[in-house]
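Worksheet for the structure shown next.
The values are calculated or read from the model by the stated rules, or taken from the named source; none is laboratory data. For clarity, every value in this text was computed on a predicted model and none was experimentally measured. So basically every Cβ, Gly included, is an ideal-geometry build from the backbone, and we count neighbours across all protein chains shown. For the accessible areas, the whole protein counts, side chains as well, though only heavy atoms, and no ligand, DNA or RNA atoms are used. Shrake-Rupley method; radii C 1.70, N 1.55, O 1.52, S 1.80 Å.
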Amino acid sequence: MSWRPTHTQSVLALIAVAVVFPFFGSAATVTVMALGGLYAIVAIGLNLLVGYAGKISFGHNAFMALGAYVSGILTVTYGWPPLAAMLVAVVGTGLVAFLIGAPILRVRGHYLAMITLAFAQIIIIVSTRWTEVTGGLTGIPGVPDLSIFGFAFDTKLRMYYLIWFVAIVLFLLSFRIVDSRFGRALRALGAHEAAAASLGVDVVRCRIQIFVLSAVYAALAGCLYAHFLNYVNGTFFDLSVMIQLMAILVVGGIGTMWGPLVGAVLLVWVSQNLGGYAEYSQLIFGILYGGALLFLPKGVVGEITARLNGARKAPAGQAEPVPSQSA
Amino acid sequence: MIDLLPVLLVNGVVFGAIYAINAIGIGLVYNTTGIINFAQGEFVMLGGMLTAFLFGHVGLPLPFAIIGGVALTVVIGLLTERLFIRPLWRRGAKDWTYVFMLFAVATVLPNLVMLGVGRDPLTFPAFGVLPSVKLGSVMLSSQALWVLLVTVLVFFALQSFFDRTLVGKAMKATAINRRVAAWLGVAVEQMVAMSFGLAALLGAIGGVIFTPLISTQFDAGVSMTLNGFAAAIIGGMGNMRGAIVGGLVIGILQSISTAFISSVYGDAVTYAVLFALLIIWPHGLFRPLIELKNEEI
């Protein structure tokens with residue numbers, strides 16, 4: 001196989017599939033794929049953090065929850081317009097991420113993973129028990145539809161298009177980020193921290209920026225989630241969500257640009273089709289991504305890219321295909 | 001409220017003991033591998049649950065159930081290393097891969113326990129034999145005394161293991177400089193396996209002495225991991241004496257904060273304390289055994 005799609009062709013194909021899909025899918029599958037888009041948004045940010053900066057967060061489910069709850073509370077309890085609420089939710093979550101990241105990311109090792117896990121536990125407990133504000137286990141029903149400049153996203157189909165529009169914009173933006181000066185610094189520090197630092201990369205600052213950016217993506221997805229389901233509930237954002245996000249990253253391919261998208265679509269589809277096995281979803285996703293770490297370390301996308309590269313380079317006499325870092 | 005303080009302190013010390021054991025376990029794995037063991041709390045849960053299962057469902061006498069529960073947990077710890085860590089190690093995987101993998105283990109284990117043993121909290125009777133002791137106005141139950149006694153024994157046993165035995169010294173050497181240890185003939189892979197086995201042993205012992213006090217459940221592991229980690233950070237990673245102090249600090253803070261601040265939020269209060277501690281003193285209060293070393297694992 002010598003033909004390999006160019007970047008533009010791939011992106012155009014993605015946009016075409018996203019636009020055309022609802023014409024063929026049932027209403028139920030459109031809802032599922034809208035969820036897939038939401039997970040993709042979070043995974044794109046998380047992938048920048050893990051795959052490029054080499055740091056782990058186990059708290060992105062909590063950032064989603066923050067986005068959703070702030071949106072829900074401001075619009076339902078205080079009657080704010082959705083767009084203003086969303087702005088506050090996203091900026092506020094970014095600020096929280098900064099307050100967590102700034103001290104912790106100065107320390108080496110994987111302290112961020114542990115502290116974000118603790119943070120997520122706090123958020124989940126508080127969101128289900130602080131009944132006066134969060135509605136406790138009942139949550140916040142009646143979150144209004146999102147409307148932007150008078151156009152109401154009042155059907156699941158419209159929300160589907162909005163969500164995938166945001167996902168694809170962030171996806172394209174991540175190419176820009178990875179290829180920018182900042183992105184090169186990021187990749188350098190993911191590859192070798194000391195080398196990056198000695199070349200003048202402000203390692204701590206870079207890490208904090210990327211962590212905050214990824215939290216903002218998660219908050220944005222959380223807001224959209226709230227408006228999509230017109231409902232917020234703490235159980236939407238429990239540890240299983242984080243486990244699913246990790247499965248998305250690993251199965252899709254960490255450190256590949258297409259990985260988060262492919263992983264999100266694949267795994268959300270799987271999770272919605274578990275049927276009677278839904279109870280075992282944590283187990284299934286845990287085994288899935290543990291197995292992928294062992295047997296498919298580059299993920300689906302990394303594996304396909306490597307095969308394509310290999311197929312293309314083999315005739316030229318190159319024995320060892322070198323997987324491209326920014327594929 | 002203030003007359004409650006002695007009781008809360010004693011409770012805090014007893015809870016702190018288990019966090020200290022956990023912190024030591026986390027430190028052991030961290031020293032030989034540089035990996036934070038996210039599955040440490042699961043070993044505590046397994047020790048308690050498997051013993052309770054062998055005692056309650058299989059009907060073994062308590063001492064045999066305990067031996068069985070601990071042994072099974074150690075086997076699971078060793079298998080974790082052999083099946084999930086060593087392949088990554090041999091491949092030269094990036095360091096976040098280990099954290100992801102251990103998190104997968106920490107996800108799968110409780111779910112398997114839920115499937116096999118069920119969702120209900122389980123417990124087994126206190127060991128007895130030891131009397132309960134009256135400390136001033138506070139009654140220290142026999143099981144609480146067991147907790148303290150076993151913790152002290154574990155501490156001294158580990159200390160002499162590291163100071164007196166060849167294997168212990170080899171493990172310590174691996175912790176200080178893995179590459180040099182390998183050059184000097186230490187079988188580094190075996191040391192890593194051993195550190196996982198020991199961490200599982202410590203976790204299981206913790207689970208066994210603790211379960212009669214408050215029972216345990218399939219999902220009890222996460223909070224054990226977090227509290228143990230907090231204790232390990234305060235005490236300095238891998239510093240055993242520090243781990244004991246860290247465990248006591250967390251235990252007492254938890255006991256006092258849940259009593260005086262709020263019990264509605266339960267663990268959230270402890271996590272918030274942990275959170276604040278980590279943000280204020282990310283390097284802990286004590287020196288780590290090894291100052292953070294080469295990043296490559």
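One residue stands out in the range A:137-186 among those that are among the hydrophobic types (A, V, I, L, M, F, W, C) and part of a loop (DSSP other than H, G, I, E, B): the one that is most open to solvent (accessible area, probe 1.4 Å), namely A:F149.
Here the helices (runs of 4 or more DSSP H) wholly within the range A:6-74 that include at least 2 residues being more than 22 Å from A:A218 (Cα to Cα) are A:7-24, A:27-47. Here is the figure for the range A:77-99: residues that are in contact (Cβ under 8 Å) with a residue 24 or more places away in the chain and either of a type in the set (K, R) or open to solvent by less than 60 Å² (accessible area, probe 1.4 Å) (or both) total 10. A:A43 passes every criterion in (1) crowded, with 20+ Cβ neighbours inside 10 Å; (2) over 17 Å from A:S214 (Cα atoms) apart from (2).
Screening the range A:100-110 for residues that are outside any loop (DSSP other than H, G, I, E, B) and crowded, with 19+ Cβ neighbours inside 10 Å and picking the one that is farthest from the other protein chains (Cβ to nearest Cβ) gives A:G101. Only a single item in (1) at pLDDT 90 or above; (2) not in a helix (DSSP H, G or I) is not met by B:F55, and it is number (2).
Going through A:Y52, A:Y69 one at a time, which residue ends up being of a type outside the set (A, V, I, L, M), open to solvent by less than 20 Å² (accessible area, probe 1.4 Å) and in contact with a strand residue (DSSP E or B) (Cβ under 7 Å, 6 or more places away or on another chain)? First the steps, then the outcome.
Values: A:Y52 fails: in contact with a strand residue (DSSP E or B) (Cβ under 7 Å, 6 or more places away or on another chain).
None of the others qualify; the one that does is A:Y69.
Restricted to the range B:256-265, and to residues there that are open to solvent by 20 Å² or more (accessible area, probe 1.4 Å) and either of a type in the set (G, A, S) or modelled with pLDDT of 75 or more (or both), the residue that is farthest from A:L137 (Cα to Cα) is B:I256. With respect to A:V91, determine if the residue is outside any strand (DSSP E or B) and either closer than 13 Å to A:L224 by Cα or in contact with a strand residue (DSSP E or B) (Cβ under 7 Å, 6 or more places away or on another chain) (or both). It is false that A:V91 is outside any strand (DSSP E or B) and either closer than 13 Å to A:L224 by Cα or in contact with a strand residue (DSSP E or B) (Cβ under 7 Å, 6 or more places away or on another chain) (or both).
Does B:D95 count as of a type in the set (D, E) and within 14 Å of another protein chain (Cβ to nearest Cβ)? In short, yes.
Quick one: would you say A:A118 is small (G, A, S) and farther than 26 Å from A:F171 by Cα? Judged against the criteria, A:A118 is a match.
In the range B:278-297, the qualifying residues are those that are open to solvent by less than 30 Å² (accessible area, probe 1.4 Å) and hydrophobic (A, V, I, L, M, F, W, C), and the one that is modelled with the highest pLDDT is B:L278.
Restricting to the range A:249-302, count the residues that are of a type in the set (V, I, T) and more than 12 Å from chain B (Cβ to nearest Cβ).
Residues in the range A:249-302 being of a type in the set (V, I, T) and more than 12 Å from chain B (Cβ to nearest Cβ): 7 in total.
Residue under question is B:F229, and the condition is that it be assigned to a helix (DSSP H, G or I) and among the aromatic types (F, W, Y); does it hold?
Yes, satisfied.
From the list A:A167, A:A185, A:A152, which residue is more than 14 Å from chain B (Cβ to nearest Cβ) and in contact with an Asp or Glu (Cβ under 7 Å, 6 or more places away or on another chain)? Give the derivation first.
Values: A:A167 fails: in contact with an Asp or Glu (Cβ under 7 Å, 6 or more places away or on another chain); A:A185 fails: in contact with an Asp or Glu (Cβ under 7 Å, 6 or more places away or on another chain).
None of the others qualify; the one that does is A:A152.
Restricting attention to the range A:3-40, the residues that are touching a residue at least 40 places away in the same chain (Cβ under 8 Å), open to solvent by less than 50 Å² (accessible area, probe 1.4 Å) and over 21 Å from the mean Cα position of the chain (by Cα) add up to 1.
No other residue among B:V13, B:V44, B:V29 is of a type in the set (V, I, T) and open to solvent by 20 Å² or more (accessible area, probe 1.4 Å) apart from B:V13.
Take A:A113 and decide whether it is facing chain B (nearest Cβ under 8 Å), of a type outside the set (D, E), in contact with a Ser or Thr (Cβ under 9 Å, 6 or more places away or on another chain) and surrounded by 20 or more Cβ atoms within 10 Å (Cβ to Cβ). Taking the combined requirement at face value, the residue satisfies it.
Taken over the range B:145-174, residues that are among the β-branched types (V, I, T) and crowded, with 17+ Cβ neighbours inside 10 Å amount to 5. Just so you know, in the range A:123-136 the residues that are in contact (Cβ under 8 Å) with a residue 60 or more places away in the chain and within 27 Å of B:Q40 (Cα to Cα) include one that is least open to solvent (accessible area, probe 1.4 Å), and it is A:S127.
I'd like the residue in the range A:188-208 that is of a type outside the set (A, V, I, L, M, F, W, C) and surrounded by fewer than 20 Cβ atoms within 10 Å (Cβ to Cβ) and, out of all such residues, is modelled with the highest pLDDT.
Our first condition is that a residue be of a type outside the set (A, V, I, L, M, F, W, C); within the range A:188-208, this holds for A:190, A:192-193, A:198, A:200, A:202, A:205, A:207.
Going one step further and asking which of them are surrounded by fewer than 20 Cβ atoms within 10 Å (Cβ to Cβ), we end up with A:192-193, A:198, A:200, A:202, A:205.
Working: A:H192: 75, A:E193: 74, A:S198: 78, A:G200: 74, A:D202: 80, A:R205: 86.
Across the range A:188-208, the extreme among qualifying residues is A:R205.
Within the range A:125-136, does at least one residue satisfy the condition of being hydrophobic (A, V, I, L, M, F, W, C), at the interface with another protein chain (Cβ under 9 Å from one of its Cβ atoms) and assigned to a helix (DSSP H, G or I)? Scanning the range A:125-136 turns up at least one residue that is hydrophobic (A, V, I, L, M, F, W, C), at the interface with another protein chain (Cβ under 9 Å from one of its Cβ atoms) and assigned to a helix (DSSP H, G or I). A count restricted to the range A:209-244 and to residues that are surrounded by fewer than 19 Cβ atoms within 10 Å (Cβ to Cβ) and of a type in the set (V, I, T) stands at 1. Considering (1) among the aliphatic types (A, V, I, L, M); (2) open to solvent by 20 Å² or more (accessible area, probe 1.4 Å); (3) over 13 Å from the mean Cα position of the chain (by Cα); (4) more than 17 Å from A:G36 (Cβ to Cβ), the lone condition that A:I254 does not fulfil carries the number (3). Going residue by residue through the range B:122-144, is there one that turns out to be within 11 Å of chain A (Cβ to nearest Cβ) and in contact (Cβ under 8 Å) with a residue 24 or more places away in the chain? No, the conditions are met nowhere in the range B:122-144. The set of residues in the range B:212-223 being outside any loop (DSSP other than H, G, I, E, B) and either over 17 Å from B:G16 (Cβ atoms) or touching a His at 6+ places or on another chain (Cβ under 6 Å) (or both) consists of B:P212, B:T216, B:G221, B:V222.
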